[in-house]
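First up is the structure itself, then whatever we jot down about it.
The values are calculated or read from the model by the stated rules, or taken from the named source; none is laboratory data. Note that this is a predicted model, so its numbers are computed, not measured. Note that each Cβ is placed from the backbone with ideal geometry, even for glycine, and that neighbours are counted across all protein chains shown. Calculation scope for accessible area: heavy atoms of the full protein, side chains included, ligands and nucleic acids excluded. Shrake-Rupley method; radii C 1.70, N 1.55, O 1.52, S 1.80 Å.
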Amino acid sequence: MPEQEAREPDPAPGARLALLLRHWWEEAGSAPGGARPTQQALAAKLGIDQTTLSRYLNPKHPLNAPLRVVEALHARLRAPAAELEQARALCRAALEDSGRVRPAGAGDAVRAGRYGAWGRSRSRRSLPALLASAVVLSFAAGIAVHALVAPDRGVPADSVPGALRVGESPYEWPLLRMRKEDQYTRARALQHLLNAHGYKVRTDGFFGEETRDAVMDFQRKHHLVSDGKVGQDTWPELVQTIGPGSSGHMVLAVQELLDNVGQGGTVVSGQYTAVTADDLRFFQRTHHLPDTGRADPDTWLALLVRQRPPASAPAYQRSTGTPPSASA
């Protein structure tokens, strides 16, 4: 058999990452006097369950470890400093390989047809001509119709080729209101935003009377309909453009939303770190937004729309007890 045929293909990034993480764990007790932690103890330190950690360390059936777990493992296992950047790169590659960033092809056309002309980011200028033609044709009819009603629509934002202004976004701000059921991350982000505007609201993810009353007061002060419902008029008044160097509840809101879009964990610290900016750029590239690393209104809107419903109530909500009734 020729040597080229006999050579095995390179492992996928997820398997290579798992191999590296497992190597860190296995080598943790090799130093004189060192003791390798059990996976159970290590999982408890990381705030995850043992089964999940085992899959992070299993190159045969790997589960892609998020960046925050990779960095925490590196620190706790005292792995070589030079291997941290390698692990970060493998983490990003594994997320892309698993489909979190869709490859150029039919998926882009379907997404563009559904959500409209967000415009291509600078990193996607090399799309095949066939795909570019299909995208242009798919929007031509819609643009013509909109021009009849509002001729100034579709004006590119300053210095961002192809990106539409906030007012032209085909996304719709989600409607949040007081209901009996838990609103999860969107409500928690809303509560952080209210706190950023000077209110004292519990950030428990439950849209109860306390949150509703704060929303109504905010609406009155901003000359909005004071109905306690957060939708297309209220969200734009709540969010602010933030970036590296920012801190506080506005940053907590962005990090909460980033942590629940399925691209790997984002540390929710209230400090807009370089890692937060990197995570946001990754999200922006994935959703055809200018990858500025800053949370502008377009990015806030996309983050709110793309939230994933948790399989069960997050830990911070399970600890708060029964959600308050809307009729209470």
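At-a-glance table
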| read-out | value |
| --- | --- |
| Qualifying residue in the stretch 194-205 (condition: modelled with pLDDT under 95 and among the acidic types (Asp, Glu)) | yes |
| Residue count for the stretch 261-287, restricted to those that are open to solvent by 30 Å² or more (accessible area, probe 1.4 Å) and within 14 Å of the chain's Cα centre (by Cα) | 6 |
| Complete set of residues in the stretch 217-253 that are of a type in the set (S, T, N, Q) and farther than 22 Å from Thr299 by Cβ | Gln219, Ser226 |
| Condition met for Ala15 (under 20 Å from Leu67 (Cβ atoms) and small (Gly, Ala, Ser)) | yes |
| Boolean, Pro161 is modelled with pLDDT of 90 or more and part of a loop (DSSP other than H, G, I, E, B) | no |
| Residue among Thr241, Thr299, Thr266, Thr292 that is closer than 19 Å to Arg186 by Cβ, touching a helix residue (DSSP H, G or I) at 6+ places or on another chain (Cβ under 8 Å) and without any contact (Cβ under 8 Å) to a residue 60 or more places away in the chain | Thr299 |
| Members of the stretch 49-89 found to be closer than 23 Å to Gly262 by Cβ, of a type in the set (Lys, Arg) and in contact with a Gly (Cβ under 9 Å, 6 or more places away or on another chain), listed by number | Arg68 |
| Qualifying residues in the stretch 240-258 (those that are open to solvent by less than 30 Å² (accessible area, probe 1.4 Å) and of a type in the set (Val, Ile, Thr)) - the one nearest to Pro290 (Cα to Cα) | Ile242 |
| Residues being under 20 Å from Gln39 (Cβ atoms), assigned to a helix (DSSP H, G or I) and either open to solvent by 50 Å² or more (accessible area, probe 1.4 Å) or small (Gly, Ala, Ser) (or both) - total across the stretch 52-93 | 7 |
| Extreme residue, nearest to Pro174 (Cα to Cα), among residues of the stretch 189-239 that are polar (S, T, N, Q) and open to solvent by 10 Å² or more (accessible area, probe 1.4 Å) | Gln232 |
| Some residue of the stretch 36-56 being among the acidic types (Asp, Glu), out of contact with any Phe, Trp or Tyr (no Cβ under 7 Å at 6 or more places or on another chain) and at pLDDT 85 or above | no |
